[in-house]
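The values are calculated or read from the model by the stated rules, or taken from the named source; none is laboratory data. Everything numeric in this text was worked out from a predicted model, so none of it was measured. Note that each Cβ is placed from the backbone with ideal geometry, even for glycine, and that neighbours are counted across all protein chains shown.
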Amino acid sequence: MKRVVVKIGSNILANAKEGLNTKRISSIARDIIEVSTLGYEVVVVSSGAIAAGMKKLGLREKPRDIKLKQAVAAVGQSSLMWAYEKSFGEHGKKVAQVLLTREDFSDRNRYINSKNTLTTLLSYGVIPVINENDTVATDEIKFGDNDHLASLVACLIEAERLIILSDVDGLYTEDPGHSSYARMIESVEEITPEIEARAKGTGSVVGTGGMYSKLLAAKRALKHGITVHIISGRKEGLLPALLSGKHSGTIFKTKGGKLPLRKGWIAYSTRAKGSITIDDGAVQAIIQRGKSLLPSGIISVKGNFITGDAVYCLDGKGTRIAKGLTNYSFSEIEKIMGKKSAEIEKILGYKYSDEIIHRDNLVLI
């Protein structure tokens, strides 16, 4: 079975005044049911809990206070899931609620467990409906927006495509709401800095993402060989038509290669706990020769990390060149940086490895 992740934004499903748009949810459910008949396993990443909760609590502005935001999400999540349960149930399809936090991706065991849960649900013909666990998430463990979450989920389940249902038809050269010269970009071969600069903007009253967050999500997915689409979420029938071969919106094409799954996890799912600045020789060894990071190439170290944590490798200018899982803690590296591997045991009294970060646990960024 081919797998596809469908991300649905708050603007598609709800607004602060009216709450959930149950008719639109029913329409999307019908489209997803049709997609499943085309031979696809579908995972839904859905926003809308906070918007639904705002309506139920009589709030007109998205709360900024973290405690109130969490409470609003708790109130709205049950309504959101009931709407999905009812809409899919009318077609004899079961859904499952899956709430995730950033730590479910950063921790390797939780990452694998999440993958196993989702693939098991799919094997039973159940459609997982995923959202961030806003009720418990704090700023330190939040994804930031569901575009980010959707890209991580697509990588997690090794999806073939990530389809983002947006309140605009796709990526434009300019903001179509403010310029009559804006035109649709139907195909993107490479997400350049110029394209990113054009897309930067703010989120909506009920949502957190904008076009820029969608481009960042696309970049992550493309690295894993996942084709990405941005299409309108307001028009019925576009989703099954797209997967039947009819073009719509903007397609972001892969270039063929993709990161190995473990290195993809290190690059995009782990949260860096610190950084290691390395000299020019180490930079060349890592980038040009694919070597491991040795203590002799380390200039300085920052952070509060332990063995097994992810850290960034920086060049002398502070530019991130790689990310990896360290074999030594911050305090240990402070003692052995600049030294040869043969001196590690003499300095520390023990030695875990000759390498600070082994090349198998190191990925260029």
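Details
- Qualifying residue in segment 157-166 (condition: of a type in the set (A, V, I, L, M) and in contact with a Phe, Trp or Tyr (Cβ under 7 Å, 6 or more places away or on another chain)): no
- Residue list for segment 51-71, filter: assigned to a helix (DSSP H, G or I) and closer than 12 Å to G19 by Cα: A51, A52, G53, M54, K55, K56, L57
- Test for V311: is it assigned to a strand (DSSP E or B) and more than 25 Å from R220 (Cα to Cα): no
- Residue within segment 54-67 that is out of contact with any His (no Cβ under 6 Å at 6 or more places or on another chain) and buried (at least 21 other Cβ atoms within 10 Å of the Cβ) present: yes
- Filter pass, A159 being surrounded by 15 or more Cβ atoms within 10 Å (Cβ to Cβ), touching a helix residue (DSSP H, G or I) at 6+ places or on another chain (Cβ under 7 Å) and either within 24 Å of K93 (Cα to Cα) or modelled with pLDDT of 90 or more (or both): no
- Here is the figure for segment 225-247: residues that are out of contact with any Asp or Glu (no Cβ under 8 Å at 6 or more places or on another chain), outside any helix (DSSP H, G or I), surrounded by fewer than 22 Cβ atoms within 10 Å (Cβ to Cβ) and in contact (Cβ under 8 Å) with a residue 12 or more places away in the chain total 2.
- Residue within segment 329-342 that is outside the structural domain of D107 (by TED's automatic domain parsing), touching a Ser or Thr at 6+ places or on another chain (Cβ under 9 Å), within 19 Å of S106 (Cα to Cα) and buried (at least 16 other Cβ atoms within 10 Å of the Cβ) present: yes
- Test: residue in segment 18-39 that is part of a strand (DSSP E or B) and either in the same structural domain as G144 (by TED's automatic domain parsing) or aliphatic (A, V, I, L, M) (or both): yes
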